[in-house]
Amino acid sequence: MINYNPIDGDVYSKMIKYRPRTCFIMTKLGKSIPKEISNMRRTVVKHLKNSQFEIIDASSKVTGRDFLLKIFHLILSVPLGIALISENLDSRTVANIFYEIGILQTLGKEILIIKTKEFNIPSDFIRTEYIEYDNKLKDKISEYLKTYSQLAEHYELLGCELIRDPITSIDYLKRSYLMTGNSNTKTKIDKIVLNLFNPEYFTEEIQENIKNLITS
């Protein structure tokens, strides 16, 4: 997949250090964090760490350079983003969170929104699934993580089945690898890349499909 620089629209060619099984948290950082947001984050972090996830946010890396590019780079590197939102967040913070959610969606990342009952989701995101912050939050997160694991398995299955379309196959396998960190999945990706134009591995039909994808 080709990614484009959000600042100038050129191809984003900087090498990405991918972070398998890592979650990017989107919420209020710094001082004056609403109590419900702190409680949400504490619960989410506990469950994710118990499931062997690494947790990062916008403050996890200091580059001394453009902040937007830093956020974009972090999002590119992860499989999952979780937004923590309440009606007590200021409008600028909420705008930043939904901008980041939009980037995640565009890049095909997995997204979960956790919000208070009183917060109204913007109309453009009304179809994005969310869970509400209540006394069943722990159970809801556990259920989501089960679905997440099933989806990773589905992506790997698709990647293996779509070998005649290697570009799509690589994309699905990469998603699965980022979601699970399974080294066997990465081996499958490496094998496809290594043999892209190997006539002993791909038929003429598949090679023609590759050429068409490259030149279209």
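The values are calculated or read from the model by the stated rules, or taken from the named source; none is laboratory data. Everything numeric in this text was worked out from a predicted model, so none of it was measured. With ideal geometry, Cβ positions are generated from the backbone for all residues, glycine too; neighbour counts draw on all protein chains shown.
Criterion applied to I16, I75, I71, I82 was being among the β-branched types (V, I, T), closer than 26 Å to K174 by Cα and not assigned by TED's automatic domain parsing to the domain that holds Y133, and the one residue passing it is I16.
Checked against the criterion of being in the same structural domain as I111 (by TED's automatic domain parsing), in contact (Cβ under 8 Å) with a residue 60 or more places away in the chain and farther than 30 Å from K146 by Cβ, region 41-57 contains not a single residue that satisfies it.
Is it fair to say L151 is closer than 21 Å to S51 by Cα and without any contact (Cβ under 8 Å) to a residue 60 or more places away in the chain? Judged against the criteria, L151 is a match. Based on what the data block shows, is Y130 surrounded by 15 or more Cβ atoms within 10 Å (Cβ to Cβ), more than 30 Å from L89 (Cα to Cα) and not small (G, A, S)? Criteria not met by Y130.
Taking region 98-118 on its own, how many of its residues are out of contact with any Pro (no Cβ under 8 Å at 6 or more places or on another chain) and surrounded by 18 or more Cβ atoms within 10 Å (Cβ to Cβ)? Before the answer, list the steps.
Filtering region 98-118 down to residues out of contact with any Pro (no Cβ under 8 Å at 6 or more places or on another chain) leaves 99-102, 104-108, 111-118.
If we keep only those that are surrounded by 18 or more Cβ atoms within 10 Å (Cβ to Cβ) too, we end up with 100-101, 104, 111-116.
Number satisfying all stated conditions: 9.
Each residue in region 65-103 was checked for being in contact (Cβ under 8 Å) with a residue 40 or more places away in the chain and under 14 Å from Y130 (Cβ atoms), and 8 pass.
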